[in-house]
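To start, the structure under review is shown below, and the notes come after it.
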Amino acid sequence: MIMTIAMRELRSMFLSPLAWSVLAVTQLIIAWSFFTQIDFFFSIQQQLTTMPNPPGVTDLVVMPTYEIASIILLMVTPLLTMRLISEERRNGSMALLLSSPVSMTQIVLGKFVGIVIFMLILVGMISLMPLSLMMGSTLDLGKLAAGAFALFMLLAAFSAAGLFLSSLTVNPVVAAVSSFGLLLLLWIINSNSGDNGENLLSQLSILAHFAPMLRGLINSADVAYFVLFIVTFLVLTIRQMDSQRLQA
Amino acid sequence: MSSQALISVNNLVRYYGDVCAVSNISFELNAGDILGFLGPNGAGKSTTMRMLCGTLAPTEGEIRINGVDLLDKPGAAKAALGYLPETPPLYREMCVDEYLRYCAKLRRIEKSQIDDAMELAKQRCGLNDVSRRLIGNLSKGYQQRVGIAQAILHSPEVIILDEPTVGLDPIQIREIRELITELGTSHGIILSTHILPEVESVCNRVQIINEGTLVYASGMDALQEQKNTNRYEIALRQPPAMDDMLAVPCIDQIEPLAADRFIVQINSSAEELASAAVNNHWGLHKLVAQEHTLEQIFVNLTLGENVNT
């Protein structure tokens, strides 16, 4: 039942121009920055050969590409998640789900899985660019996988937060603006905390958990942070939808 | 058919903040019933229907669908339910077939039976010609039909239709009424509408809700009996004096409406009244039974007066 809802969600995304334009625009910008990175790599190649333990093409091209992607998608994800629940409530199509023999958990998970599959496609398409370097060079596939995994976890977390904010309002634009605000706040929350990585704010920060993974360091604490982040927002969404049945 | 009621509602209460939308409603629906649910705008019709379908949680009270408690086991209870809300729950970007297939899966129809169920629903709602069209491009009437198709797709025991004939043309309205009558033989149907003749032609029970409370509930046959009234409006060309009219044995009471028009209450049949009028040369040219039509009951109840019987 979760997959039924997820596949419809995914299908609807591709039936509207939204998914296509998001894929096209992100792909274009990321491709541009990818070329700049390659250009930069060529320009410093001479100096690299003189270094005793030089960073490879994976560190200098692939990882920055994922980093740029993460920032672009911080802005784009709210546009994808904004209509997940708010639009259904606005159109009245939520009544179909609510009067069907499916639980609230199944509805929320279905929507989440739908958007996550879309994110998987997005990560796959972004990863094609670094992978194309394999035609002329050797890549550290372990690091590449870590980067793709990090980006995927990040996008899943973004989606869960966006889904929750979409359940709070019937206005998609409000949902988009508030999810963007929340994500940006969580992204920069530790920027004024100095180097002390132990304080609470940096524990909350998405960036503090994403950056090590992007360097190829998959730490179980960081993975746990993303999993907890996702579960928290999904539970909040389910609770919110249940309480709407009581109040609305 | 089981003896158990398809829907039983007990002391249903619903508040929106401090506003009481529905207060203490109780009723039952049996198989073969087509219940017309009437009430002025804002009386609580849609709120009640939404609670029956589980899209809105009641503040207090109990709802059993097919014997299963809707609040305890929503999954099992909702499986026996088909619901058409006020605005049909459609996805504009999907085509009719896609949409119905999705609904079929949501309603847990067996994979092997989905095609048959879709065929039947489309045929019943006259959707065969638009199977491949996008729902967003269909006219309001067709969208309404898709909404109805969605509600009857899994042939649920209980079908709840919130104003099903809105936006349909007269031919379609007739078809939908026929469909509802046909479905009513094997299912329990609750129908809300503002069109009173629709209730009279389709339903076998009627309920009127006003300001959140149930003010009238009756079978359609009881309503028909009430129509056999003993009050008649007559118009006379040569009206006699009131006392002369009262002297006629069959007349109990007279209320003058105008110089030549009266409401008379009689104790025997209308024929006797007519022959008395003819024999006395009153110049009778109009004789109309004062029926308790549904409309009259509706207006009396919702304007806060009592039905005069």
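Just one of (1) in contact with a Pro (Cβ under 9 Å, 6 or more places away or on another chain); (2) within 14 Å of another protein chain (Cβ to nearest Cβ); (3) among the aliphatic types (A, V, I, L, M); (4) in contact (Cβ under 8 Å) with a residue 24 or more places away in the chain fails for A:Met82. It is (2).
May I ask you to verify whether A:Leu246 is in a helix (DSSP H, G or I) and either among the basic types (Lys, Arg) or modelled with pLDDT of 95 or more (or both)? No: the conditions fail for A:Leu246. Per this entry, B:Ala104 is counted among residues that are surrounded by 19 or more Cβ atoms within 10 Å (Cβ to Cβ), farther than 30 Å from B:Leu303 by Cα and more than 21 Å from the chain's Cα centre (by Cα). The residues of segment B:61-90 that are small (Gly, Ala, Ser), farther than 26 Å from B:Tyr15 by Cβ and away from chain A (no Cβ under 11 Å) amount to a single one, B:Gly67. Summed over segment B:251-261, residues that are out of contact with any Phe, Trp or Tyr (no Cβ under 9 Å at 6 or more places or on another chain) and assigned to a strand (DSSP E or B) total 4. If the condition is being within 13 Å of another protein chain (Cβ to nearest Cβ), hydrophobic (A, V, I, L, M, F, W, C), closer than 17 Å to A:Arg11 by Cα and touching a Lys or Arg at 6+ places or on another chain (Cβ under 8 Å), then segment A:85-114 contributes no residue at all. Of the residues making up segment B:246-272, those that are farther than 13 Å from B:Ala235 by Cβ and out of contact with any helix residue (DSSP H, G or I) (no Cβ under 9 Å at 6 or more places or on another chain) number 10.
Could you check, for segment A:43-56, whether at least one of its residues is over 29 Å from A:Gln240 (Cα atoms) and touching a Lys or Arg at 6+ places or on another chain (Cβ under 9 Å)?
Yes: segment A:43-56 contains one or more residues that are over 29 Å from A:Gln240 (Cα atoms) and touching a Lys or Arg at 6+ places or on another chain (Cβ under 9 Å).
Does segment B:104-157 hold any residues that are in a helix (DSSP H, G or I), β-branched (Val, Ile, Thr), within 12 Å of chain A (Cβ to nearest Cβ) and closer than 18 Å to B:Leu81 by Cα, and which are they? Within segment B:104-157, B:Ile114, B:Val146 meet the criteria.
When both residues are 6+ apart or on different chains and their Cβ atoms are under 6 Å apart, which pairs have a first residue that lies in segment B:39-50 and is surrounded by fewer than 23 Cβ atoms within 10 Å (Cβ to Cβ), and a second that is hydroxyl-bearing (Ser, Thr, Tyr)? Here the result reads B:Pro40/B:Thr302, each pair linking segment B:39-50 to a residue that is hydroxyl-bearing (Ser, Thr, Tyr).
In segment B:60-83, which residue that is in contact with a strand residue (DSSP E or B) (Cβ under 8 Å, 6 or more places away or on another chain) and surrounded by fewer than 16 Cβ atoms within 10 Å (Cβ to Cβ) is farthest from B:Ser186 (Cα to Cα)? Before you say what the answer is, go through the steps one by one.
Pass one, segment B:60-83, residues in contact with a strand residue (DSSP E or B) (Cβ under 8 Å, 6 or more places away or on another chain): B:60-66, B:69-71, B:76-78, B:80-83.
The next check asks that each one be surrounded by fewer than 16 Cβ atoms within 10 Å (Cβ to Cβ); those that pass are B:60, B:62, B:69, B:71, B:76.
Working: B:Glu60: 31, B:Glu62: 25, B:Asp69: 22, B:Leu71: 25, B:Ala76: 20 Å.
Out of the qualifying residues, it is B:Glu60.
All conditions but one from (1) over 15 Å from B:Ala121 (Cα atoms); (2) in contact with a Cys (Cβ under 9 Å, 6 or more places away or on another chain); (3) not charged (D, E, K, R) apply to B:His154; the one that does not is (1). Cβ-Cβ distances below 8 Å connect the following pairs, each with a first residue in segment A:3-22 that is within 9 Å of another protein chain (Cβ to nearest Cβ), a second residue that is of a type in the set (Lys, Arg), and a separation of six or more residues or different chains: A:Thr4/B:Lys105; A:Ile5/A:Lys111.
Under 24 Å from the mean Cα position of the chain (by Cα), more than 14 Å from chain B (Cβ to nearest Cβ) and aliphatic (A, V, I, L, M), is that true of A:Leu48? Judged against the criteria, A:Leu48 is not a match. Quick one: would you say B:Gly32 is facing another protein chain (nearest Cβ under 8 Å) and either crowded, with 19+ Cβ neighbours inside 10 Å or at positive phi (or both)? Against the criterion (facing another protein chain (nearest Cβ under 8 Å) and either crowded, with 19+ Cβ neighbours inside 10 Å or at positive phi (or both)), B:Gly32 does not qualify.
The values are calculated or read from the model by the stated rules, or taken from the named source; none is laboratory data. Because the structure is a prediction, the values reported are computed rather than measured. All Cβ positions, glycine included, derive from the backbone under ideal geometry; neighbour counts span all protein chains shown.
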